[in-house]
Amino acid sequence: MKEMSERDQRHELVEEFDPVVEHIQTIAEMHKLAESSVPIHQRKIEEVTAFLGRPRFLLIILIAVVLWSGINIILMSFGVPNLDPPPFAWMQGVLTLAALLQTTVILITENRQAVTIERRRQLDLQINLLLDEKMSKLLTMVDEMRRVHPALEDATDPHIEALKKTVDPRESLETLEQLLNEEEQI
């Protein structure tokens with residue numbers, strides 16, 4: 001075996017401590033954990049939903065309706081008793097039942113997806129609030145360093161003073177609701 005070059009070793013070290021790679025791995029692990037807890041019946045329902053959402057399913061429905069109608073019309077034209085004469089009440093009933101089942105299956109799938117999305121939103125909010133606190137702390141530290149540096153002015157920067165304050169989510173929500181209420185009244 002050849003020894004790794006110094007460049008390859010540095011590259012491997014960077015990859016090992018690369019925060020992007022680490023975050024991608026964390027996201028993949030979170031996804032695997034969430035998916036591993038899904039019950040088998042839920043997986044089957046989601047497989048059905050995935051099939052129902054494909055163009056192939058639309059083609060199958062169209063072919064079935066055309067065949068059903070065509071066969072019944074042809075049988076009727078030859079005077080042979082057919083299963084479902086026009087206006088095809090049986091076909092309408094079957095399609096109505098299929099639509100009901102399809103809607104239910106899609107809603108079940110969407111409910112689970114909504115829970116997953118809400119968890120991700122909560123995580124995003126927590127991370128954003130934490131990042132806001134960190135940025136505020138960094139701005140405060142940099143501003144303090146600027147103030148004690150002999151070559152820099154001791155004046156305060158109102159923009160930095162405003163940025164040093166962390167976001168209060170409750171206050172932000174109240175402001176947003178107030179602005180939306182004012183907009184609705186206009």
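Obtain the nm distance between the two label points defined at Ile63 and Gln178 by a simple spin-label model: each point lies 7 Å from its Cα along the Cα-to-C-beta direction.
6.3 nm
For every helix of n ≥ 4 consecutive DSSP H residues, a contribution of -39,500 (n - 2.57) applies; sum these over the chain, divide by its total residues, and give [θ] at 222 nm rounded to the nearest 500 deg cm²/dmol. Before the final figure, lay out each step's value.
Numbers: 7 runs with 150 residues, N = 186.
Result for the chain, helices only: -28000 deg cm²/dmol.
What whole number of Å gives the distance from the Cα centroid of region 26-58 to the Cα centroid of region 70-97?
37 Å
Can you work out ³J(HN,Hα) from phi for every residue in region 94-100, in order, using Karplus 6.51 cos²θ - 1.76 cosθ + 1.60 and θ = phi - 60°, giving whole Hz and x for Gly and Pro?
Computed from phi, the couplings for region 94-100 are 5, 5, 5, 4, 4, 5, 5 Hz.
For volume of the Cα convex hull per residue in Å³, the listed values are (i) 318; (ii) 156; (iii) 193; which was obtained by calculation from the structure presented?
Matching entry in (i) 318; (ii) 156; (iii) 193: (i).
Could you count how many Lys pairs in the chain have their Cα atoms under 28 Å apart, skipping same-chain pairs fewer than 8 positions apart? Show your work: numbers first, answer last.
Details: Lys32/Lys44; Lys134/Lys164; Lys134/Lys165; Lys137/Lys164; Lys137/Lys165.
For the chain, the number of qualifying lysine pairs is 5.
If you line up the long axis of helix 169-185 against the longest principal axis of the chain, both from Cα atoms, how many degrees apart are they, to the nearest 10?
60 degrees
Among Val20, Val38, rank each residue by its count of other Cβ atoms within 10 Å, from fewest to most, as a rough exposure measure. Please list the in-between numbers first.
Working: Val20 8, Val38 13.
Exposure proxy ranking, most exposed first: Val20, Val38.
Just tell me the longest site-free run in the chain, where the sites are GluC sites (Glu not before Pro) in a DSSP loop having at most 16 other beta-carbon atoms within 10 Å. Walk me through the numbers before you get to the answer.
Details: sites that count: Glu3, Glu153.
Value returned for the longest uninterrupted segment is 4-152.
If you keep only loop residues by DSSP, which trypsin sites (Lys or Arg not before Pro) in region 96-169 have at most 15 other Cβ atoms within 10 Å of their Cβ?
Lys165
When only alpha-carbon atoms count, how far does region 53-95 stretch along each of its three principal axes, as whole angstroms with the largest first?
So the three principal-axis extents are 39, 18, 11 Å.
Between Gly53, Leu180, Val38, whose Cα lies farthest towards the positive end of the dipole of the chain when Lys and Arg beta carbons carry +1 and Asp and Glu beta carbons carry -1, centred on the Cα centre?
Of Gly53, Leu180, Val38, it is Gly53.
Between Phe57, Phe78, Phe88, find the one with the highest GNM mean-square fluctuation for the chain; connect C-alpha pairs within less than 10 Å.
Phe78
No lab work stands behind these numbers, since they all come straight from the coordinates. Note that the structure is a prediction, hence the values are computed from the model and not measured. Heads up, the Cβs are rebuilt from the backbone with ideal geometry, glycines too, and the neighbour counts pull from every protein chain shown.
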